[in-house]
Amino acid sequence: MDEEYDVIVLGTGLTECILSGIMSVNGKKVLHMDRNPYYGGESSSITPLEELYKRFGISDSPPESMGRGRDWNVDLIPKFLMANGQLVKMLLYTEVTRYLDFKVVEGSFVYKGGKIYKVPSTETEALASNLMGMFEKRRFRKFLVFVANFDENDPKTFEGVDPKLTTMGEVYKKFDLGQDVIDFTGHALALYRTDDYLEQPCLETINRIKLYSESLARYGKSPYLYPLYGLGELPQGFARLSAIYGGTYMLNKPVDEIVMEGGHVVGVKSEGQVARCKQLICDPSYIPERVHKVGQVVRVICVLSHPIKNTNDANSCQIIIPQNQVNRKSDIYVCMISYAHNVAAQGKYIAIVSTTVETSDPEAEIEPALELLEPIDQKFVAISDMYEPTDDGTESQVFASRSYDATTHFETTCNDIKDIYKRMTGSDFDFENMKRKQNDVFGEDEQ
């Protein structure tokens, strides 16, 4: 351990593992440490089920009806991958896909007036949907066609909209869309958590809806993918990539001190030894003095013995409860997966409810979502603080990641990765930099 490294990474959450993978592929000498005995940090999947009970302070052991403990892999943070999104691109470019298997999530649903409806995202579905009346459907169809044809480099497609000046609220007005349609467009297609976007220039929203439609077009059922055996497989896949390119891994390694000289990082001290480095990446838990709290997320893991009602018995789905429907500022999300993904015992389902905390009673805030899941066999409630770094790290060369937010996809996590990469290297993130170098396979082909 008494060596000199280019980069030391603390914590094996997804953000940290992807960055250590990229740095290793780019020829950097990387040391990756975690104080826990397992991979994944905040974004790990817990197995066996007994471990989850222990983690949440439940003294009883799981009842026999829960099946074998080792059949469970329960995510602490619920997220899906957008089929055409940035994380899938990262997996493809680095070929980490060879370590993972994915299934398409069977459906995306939106909550309106106490009921759930399938999210219409193609013209055909929009016309068949009972979320809207007949005339509303025609206007929505026109809007979808406008978005599909929109090209920010071709003013002929703008139809009088200025992508950098016209707000999204004005675009909705132009197409005369009603409040319910605006709700599900902004929250179930563009996947915003609040309504702040209505006042912003429309380009970002149009691109988000395009991402949703293009992701949906890849597999048809929904725009989301989910890895077999749980999300904990993702950080491990990227850790393996880093190891192939010479990265060193140490789990169960306490971090005693981050060693600074003249205001910038020079190493990490652990069990009396110091590993030296030029740059440091870590999750917020390793440097509490360099991050500040920006809010809280409540997540409730619910074990069910049945699919969710009105989802056509889907074995996986997402439900979005737009904030307007329940008088909140931010949306409530439900991610549901099941035994079909090798994360639960036969016949069991895991639904994870999450939202940004807005009051002093977070559990009451998610009540509308829990009602959709009844009966619930067992609940595990977690309220987590969200942190972000207090500075950009250019002075100290200490780069902290942001805590995982309440969104149900990885786009914000990927933005954080690209942002840290730019601050560390001084150049814009380019997916090409993630490509494995030819003939660099180190015996990978035999496997």
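Here are a few things to note about the model shown:
- Among the residues of region 149-193, those identified as in contact (Cβ under 8 Å) with a residue 12 or more places away in the chain, loosely packed, with under 15 Cβ neighbours inside 10 Å and not charged (D, E, K, R) are Gly160, Leu165, Gly178, Gln179.
- Inclusion of Ile8 among residues that are of a type in the set (A, V, I, L, M, F, W, C), farther than 29 Å from Glu257 by Cβ and either part of a loop (DSSP other than H, G, I, E, B) or outside the structural domain of Glu95 (by the TED database) (or both) is not warranted.
- Yes/no for Gly426 being out of contact with any His (no Cβ under 7 Å at 6 or more places or on another chain) and either basic (Lys, Arg) or open to solvent by 60 Å² or more (accessible area, probe 1.4 Å) (or both): yes
- Within region 25-52, being of a type in the set (S, T, N, Q) and either buried (at least 24 other Cβ atoms within 10 Å of the Cβ) or under 18 Å from Pro78 (Cβ atoms) (or both) holds for Ser43, Ser44, Ser45, Thr47.
- Residues (assigned to a loop (DSSP other than H, G, I, E, B) and modelled with pLDDT of 90 or more) located in region 195-224: Asp195, Gln200, Cys202, Pro223
- Count - residues of region 400-433 that are at pLDDT 85 or above and part of a helix (DSSP H, G or I): 17
- Matching residues in region 81-108 - criterion: being under 25 Å from Lys309 (Cα atoms) and touching a Ser or Thr at 6+ places or on another chain (Cβ under 6 Å): Met82, Val105, Glu106, Gly107, Ser108
- Test: residue in region 364-376 that is touching a Leu at 6+ places or on another chain (Cβ under 8 Å), open to solvent by 60 Å² or more (accessible area, probe 1.4 Å) and either assigned by the TED database to the domain that holds Lys210 or not hydroxyl-bearing (Ser, Thr, Tyr) (or both): yes
- Selection within region 274-321 - open to solvent by 30 Å² or more (accessible area, probe 1.4 Å) and touching a Leu at 6+ places or on another chain (Cβ under 8 Å): Lys309
The values are calculated or read from the model by the stated rules, or taken from the named source; none is laboratory data. Fair warning: this is a prediction, and the values are worked out from it, not measured in the lab. Every residue, glycine as well, gets a Cβ built from its backbone with ideal geometry; the counts of neighbours run over all protein chains shown. For the accessible areas, the whole protein counts, side chains as well, though only heavy atoms, and no ligand, DNA or RNA atoms are used. Shrake-Rupley method; radii C 1.70, N 1.55, O 1.52, S 1.80 Å.
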